[in-house]
Each structure stands twice: as C-alpha cells, then as structure tokens.
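First the structure, in the form of structure tokens, and then the observations on it.
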Amino acid sequence: DVKVTQSSRYLVKRTGEKVFLECVQDMDHENMFWYRQDPGLGLRLIYFSYDVKMKEKGDIPEGYSVSREKKERFSLILESASTNQTSMYLCASSLGPGISYEQYFGPGTRLTVT
Amino acid sequence: QQQVKQSPQSLIVQKGGISIINCAYENTAFDYFPWYQQFPGKGPALLIAIRPDVSEKKEGRFTISFNKSAKQFSLHIMDSQPGDSATYFCAANWDSGNTPLVFGKGTRLSVIA
C-alpha cells in the first residue's frame, strides 16, 4: 500500500527558529512536492523535486528551502520561522516520469509559529 | 495563464441531492484533469480524472463532465451522502510537460441529512 509519512502531525515553533519538516515515501517515486494549505487559498506549491538532489521552485518559495539527499526523503526547511508561515503543510509524491501522474499525499503537518 | 478557477468555494447539499462543482482553465495545452478529495485531518487523494478525448467519465456516483470548447470541466456527485462531505480540488496539467499540477482553490462540500 502506498504511503507518504510526515514527521509530525502538529508542531509549535517560535518566531526565528529553524524548522525542519520531514517527508518520507515508500513507493520509489521519482517526484516529490511540498504544499501549504490555507483556508480560501487552496493548495499552493512551495517546492518540488523530480530527482535526487534536484529541486525546483513552486509558486511560493520565499522563506523556504528544501533538501533531497535520498530518493525517498524530501525535507522542507524554514530558515527563520515567521508567524505568516503558520499553516498546514502537505507533502506528496508521484511516480513519474511526467508530473501528471497521480499524487499521493501525506496526512499533513499543522505548524503554528508563535 | 496557468490558473484553474474553481467554484463555488463552499456548497451545502441535501442528502440524496446532486452536488456540482465547476472549474475553468485558460491554458489550451492542458490535457489531464483530475479531481482530488480531502477529508478533514487527511491529505487529498485522487478521486477521478479525465483526458480531453472524452466528454464524460463516470465512476460510481461521481462523474466528470468536460467541455473542451468552453475550457470547463465539472464534478457531479449523484445521490450525495453525508460521507461525501469533504473538500474537493480540481486540477489540470499537460502530460508531456515536466511541470506540477495546477490546483483550483477547493470547494468545501457539506451534505446534510
């Protein structure tokens, strides 16, 4: 069974902290994605990766960075967390090649920055 | 233009009724149109998808209708049930491209008994 896991369901951090959100998939998928979900704004793509050590900016990359050292793991990094980064963060993966393969989402991490 | 415009933002339907969610797109190169369903506390999951070589695709109570000339597609949920209460996202992409899905902003559906 396909599985995407995220390291935390809920996370509370202070302004200025460095935050790591981890995502692991067990499907040998090529592509991985990070989204944030906010009410009324839908799913907004932060970064994606279609290969190990490859990364591409999405629609809202400012304030975020990513790391993909292994195929199964894609990390989202908030270098200096701010209150406007309080959100639900969703990781997804897809088989590839081509980005339009079915995306499998993790359960999300609800991050609160105080 | 990459946008996919989805409406309505929220929808309340009586049990047994038909739920209809609409999406419109601008990019005529799009050739893959999936719908994702998200229950509270879960990530979205693929519900049904269509390619523009057909005008309709049906899976159980869920139907996608596609109008290529109008650049619109819609999700119909027949005999809506309380268990269908969820957020629905339409999306679009072109299969030959190496770009991510473009998602609509979502519709929060509540089916009331």
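The values are calculated or read from the model by the stated rules, or taken from the named source; none is laboratory data. What you see is a predicted model; the values in this text were computed from it and never measured. Cβ sites come from the backbone with ideal geometry, for glycine too, and all protein chains shown count toward neighbours. Note: accessible area is taken over every heavy atom of the protein model, side chains too, but ligands, DNA and RNA are not part of it. Shrake-Rupley method; radii C 1.70, N 1.55, O 1.52, S 1.80 Å.
For region A:93-114, what are the residues that are under 15 Å from the mean Cα position of the chain (by Cα) and at pLDDT below 95?
Those that are under 15 Å from the mean Cα position of the chain (by Cα) and at pLDDT below 95: A:Ser93, A:Ser94, A:Gln103, A:Tyr104.
Could you tell me which numbered condition B:Gly43 fails, if it satisfies all but one of (1) in a strand (DSSP E or B); (2) modelled with pLDDT of 95 or more?
Answer for B:Gly43: the failing condition is (1).
Mind telling me which of the residues A:Thr5, A:Thr15 ends up being more than 11 Å from chain B (Cβ to nearest Cβ), open to solvent by 40 Å² or more (accessible area, probe 1.4 Å) and among the hydroxyl-bearing types (Ser, Thr, Tyr)?
Details: A:Thr5 fails: more than 11 Å from chain B (Cβ to nearest Cβ).
Every option except A:Thr15 fails the conditions.
Restricting attention to region B:19-38, does a residue exist that is open to solvent by 20 Å² or more (accessible area, probe 1.4 Å), at pLDDT 95 or above and part of a loop (DSSP other than H, G, I, E, B)?
Looking for residues that are open to solvent by 20 Å² or more (accessible area, probe 1.4 Å), at pLDDT 95 or above and part of a loop (DSSP other than H, G, I, E, B), one finds none in region B:19-38, hence no.
Just checking, how many residues over region A:60-83 are in contact (Cβ under 8 Å) with a residue 12 or more places away in the chain and open to solvent by 40 Å² or more (accessible area, probe 1.4 Å)?
9
Of all residues in region B:40-58, count the ones that are under 22 Å from B:Gly16 (Cα atoms) and more than 14 Å from every other protein chain (Cβ to nearest Cβ).
3
Scan region A:84-108 for residues that are out of contact with any Gly (no Cβ under 6 Å at 6 or more places or on another chain) and open to solvent by less than 20 Å² (accessible area, probe 1.4 Å) and jot them down.
A:Gln85, A:Ser87, A:Tyr89, A:Ala92, A:Ser93, A:Ser94, A:Gly96, A:Gly98, A:Ile99, A:Ser100, A:Gln103, listed by residue number.
Suppose we keep only residues that are surrounded by 18 or more Cβ atoms within 10 Å (Cβ to Cβ) and over 13 Å from the mean Cα position of the chain (by Cα) within region A:20-59. Which one would you say is farthest from the other protein chains (Cβ to nearest Cβ)?
The qualifying residue farthest from the other protein chains (Cβ to nearest Cβ) is A:His29.
Are any of the residues in region B:30-47 more than 17 Å from A:Glu102 (Cβ to Cβ) and of a type in the set (Ser, Thr, Tyr)?
no
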